[in-house]
Each structure stands twice: as C-alpha cells, then as structure tokens.
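Worksheet for the structure shown next.
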Amino acid sequence: MSADLTTHYGGLTLRSPVVVGACPLMANEPLRSECIAAGAGAIVLPSLFEEQVSRFNDHRNLDNPPPISPISEVDEQSFGHDAWTYLSFVNRCSVVSAVPVIASINGSHAETWVGFASELEEAGAAAIELNVYHSPQEDFADPRLMEDKVVDAVTAIRKAVLIPVFVKLCRQYTSVPYLVKRLVGQANGVVMFGRQPDVDICLDEVRLKSKWELTPSGVISHSLGMIMQTHKFCPELSIAASGGVGASVDVVRALLAGADVAMVTSAIYREGPAVIHAFLNGLKSFMETQKLGSMSELYSHRPLDFATDDDRARYAEALSSRHPPSDDLAKAQLR
C-alpha cells in the first residue's frame, strides 16, 4: 500500500508536503499546472510589494479607481504591475487551481498593506505569506524592536483576515525559536528561511546592486538544526523548510527535523516541475522502507535530538578533528 502523503500545514490540508515557494515562475499558468500535476501540495504566488499596495491605497477612495480586469483577461506576465491586477491574478489562480493558492506580501510598514490582506482573502487566496522587510537603516536597530515589528505586523494582519497567515523569517534574528514562540496565536506557521539577495558592487558605475542566484542543492542542511530547535521549543506552529531543497533526501530530512512542508523553487528552475514528482517518489520510498503509512507516522519520530552526553561528545569530536590536508599541503609537510 502506498504511503498517504496528506499533510496539515497551518490550517490547510494539503495532498502532499511539497509546496512550490514564491517565485516569478508561478506567474505562468502552464507551469503552475505542471507543478500541480506533478503532485505539489500548494502553490505560493509571486510576491506583491508594499509600493504596489501603497499606490492601490492612494487610488481606492477615488471616484474612478482603475478597474479590476476580469480573470479571463489577466495578462499573467504583468500581474505584478499593480495591486488591482494582482487581485485578479489571485482570483484566477484560486478558481482554476486544484490545490490551495497562497498569496504573498513583501513589505516593511504594516499600516500600508494590512487593509489589503482582506482584499486578498476576498479574491480567493487560501492563505497569506508575509515577508516583513527590514531596511538597511534597521541593521543597527535594537534586536527586540526588529522582532516587535514582525510580531506587530502579524498581529495586525491576523485581525484583518480569517485565512491562515504564514511568516517568512530570515536567519538574522537574535533568537528565532523565541520569536516564533511570540507568534503563537497570531501566525499559523513560519517559513524558515526567506532567501536574501547578496550584495554586490558594480565597478563600472561604482554602485551597489542586489544579486540573486539559485540556491545550491542540499544546503537545507544548514537550516536543519534551527528547524529542530524551533519545533522542539514551539511545536504549536507549522514550519515550512525553505532554501536548498534539491533532492528527495532533503525533503525527508526537513520533515524529520520538524517541518510540515518542504518548499521548492530553485530545483524547479534547474530541472522543471517534474522534480516535484521525483521528490514525492523518494519520500514514498523512504516511508515504505521504514514501514510508515502516513505523515503522522513519520512525525512520530520527532523531535530528533542528541542525548546530552552524545551531543557534547559529537561537538568535541567535530572541533578536535582535522580535515585531511590537500595533496600540496601534505607534500609540503613531508619536506
């Protein structure tokens, strides 16, 4: 009997624990359809940005606001040009999709977009993923104030909608598990972690620029320890593992660490939507080998944790061990 992959993610019931993360690819309806056909449990739509919502707010009280396009006329290549088109985009996706569609907001000031959250709910979004942006001016802010900003934003959006709210976190918070604990009762789950662009310097024009690259496969291992800590400290909230899920073994490790779903984006860019089917086949194979019939049976192995003595011994061994020297270094040492 094949394993049952039905998954519960922050109030949503999904047919599988592999979710397509927010990325421009999901503006394309044929690609979304291929991801769904491959077995994706949910789709996170590309983000709408605070600046676009601000323009929406400036015009919403006018006597003749820009009309919202019928869903059949939405140009999906320009969905992000304004908030009205994004609402139509969300509406069309929710109508034609066989899996939950999660809208995404990226912004810094909650007062700008919190009212828009109800518009997304009305348009048909099954949930909202919130990415709270911290400006460079906040790099030296009190860590508690930065965490307060996240908590206040989620609290405000929670009052505005009934659908689930997920928060995409970055790695730079002082204590991620403690921040997640503060979100209990407001957020339905957290995404660990949101990808930040690298800062590069354009030498021709001597200016800074943001540099986006695909996440290397397998680097989800860098997040497993924090996912385990967060799940152990705060099992009440769902966790989505994000960043570096490039193989079925990454999906399995993320789920065993404490995540309810594994988000995939870069692997779709590299290998196409069919990679989702491969991930799910690998997960099923693991579950059948371990004689696990459902996701709840897989979760029964959590929380994974080192015994105190084992943990200390592994820590000391790791610090004490030496990587084998390169051939050149080994030759130099023999001289």
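The values are calculated or read from the model by the stated rules, or taken from the named source; none is laboratory data. Here the structure is a predicted model, which is why all the values come from computation and not from measurement. Virtual Cβ from ideal backbone geometry, glycine too; neighbours counted across all protein chains shown.
Residue-level check: of (1) at pLDDT 95 or above; (2) β-branched (Val, Ile, Thr); (3) in contact with a helix residue (DSSP H, G or I) (Cβ under 9 Å, 6 or more places away or on another chain), Ile71 misses just (1).
The set of residues in the range 97-112 that are surrounded by 20 or more Cβ atoms within 10 Å (Cβ to Cβ), over 12 Å from Arg32 (Cβ atoms), of a type outside the set (Gly, Ala, Ser) and without any contact (Cβ under 8 Å) to a residue 60 or more places away in the chain comprises Ile105, Asn106.
Residues considered: Val184, Val132. Of these, the only one that is surrounded by 20 or more Cβ atoms within 10 Å (Cβ to Cβ) and aliphatic (A, V, I, L, M) is Val132.
Whether any residue in the range 178-186 is among the hydroxyl-bearing types (Ser, Thr, Tyr) and farther than 30 Å from Tyr269 by Cα is what I want to check.
yes
Quick grid of which residues meet (1) part of a helix (DSSP H, G or I); (2) among the hydrophobic types (A, V, I, L, M, F, W, C):
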residue	(1), (2)
His222	yes, no
Met228	yes, yes
Gly244	no, no
Ile268	yes, yes
Val275	yes, yes
Ala278	yes, yes
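Determine whether the range 9-25 contains at least one residue that is surrounded by fewer than 23 Cβ atoms within 10 Å (Cβ to Cβ), touching a residue at least 24 places away in the same chain (Cβ under 8 Å), touching a strand residue (DSSP E or B) at 6+ places or on another chain (Cβ under 9 Å) and within 23 Å of Ala83 (Cβ to Cβ). Yes, that holds for at least one residue.
Filtering the range 196-217 for residues that are surrounded by 14 or more Cβ atoms within 10 Å (Cβ to Cβ), touching a Ser or Thr at 6+ places or on another chain (Cβ under 8 Å) and assigned to a strand (DSSP E or B) leaves an empty set.
The set of residues from the range 258-315 being of a type in the set (Val, Ile, Thr) and either modelled with pLDDT of 95 or more or within 19 Å of Tyr9 (Cα to Cα) (or both) comprises Val261, Val264, Thr265, Ile268, Val275, Ile276, Thr289. Looking only at the range 180-212, residues that are out of contact with any strand residue (DSSP E or B) (no Cβ under 7 Å at 6 or more places or on another chain) and not polar (S, T, N, Q) come to 11 in all. Of everything in the range 246-262 that is of a type in the set (A, V, I, L, M) and assigned to a helix (DSSP H, G or I), the residue that is farthest from Phe166 (Cα to Cα) is Val249. Among the residues of the range 74-88, just one is crowded, with 20+ Cβ neighbours inside 10 Å, over 21 Å from the mean Cα position of the chain (by Cα) and either modelled with pLDDT under 85 or among the aromatic types (Phe, Trp, Tyr) (or both), namely Val74. Summed over the range 113-122, the residues that are closer than 18 Å to Ala22 by Cα and either surrounded by fewer than 24 Cβ atoms within 10 Å (Cβ to Cβ) or acidic (Asp, Glu) (or both) give a count of 1.
Selection within the range 201-222: residues that are free of Cβ contacts under 8 Å to residues at least 40 places away in the same chain and polar (S, T, N, Q). The member of this set that is nearest to Ser135 (Cα to Cα) is Ser210.
Might you check whether a residue that is touching a residue at least 12 places away in the same chain (Cβ under 8 Å), of a type outside the set (A, V, I, L, M, F, W, C) and over 18 Å from Gly11 (Cβ atoms) occurs anywhere in the range 249-257? Please lay out each step first, then the result.
The initial filter retains those residues of the range 249-257 that are touching a residue at least 12 places away in the same chain (Cβ under 8 Å), namely 249-257.
Restricting the remaining residues to those that are of a type outside the set (A, V, I, L, M, F, W, C) gives 250, 253.
Among the residues that remain, those that are also over 18 Å from Gly11 (Cβ atoms) are: 250, 253.
Yes - at least one qualifying residue is present in the range 249-257.
Consider Ala240 carefully, then state whether it is part of a helix (DSSP H, G or I), of a type in the set (Gly, Ala, Ser) and buried (at least 23 other Cβ atoms within 10 Å of the Cβ). Judged against the criteria, Ala240 is not a match.
For residues in the range 32-61 being among the aliphatic types (A, V, I, L, M) and part of a helix (DSSP H, G or I), which is modelled with the lowest pLDDT?
Looking only at the range 32-61, we keep the residues that are among the aliphatic types (A, V, I, L, M), and these are 36-38, 40, 42-45, 48, 53.
Going one step further and asking which of them are part of a helix (DSSP H, G or I), we end up with 36-37, 53.
On the way: Ile36: 98, Ala37: 98, Val53: 90.
Among residues in the range 32-61 that are among the aliphatic types (A, V, I, L, M) and part of a helix (DSSP H, G or I), the one modelled with the lowest pLDDT is Val53.
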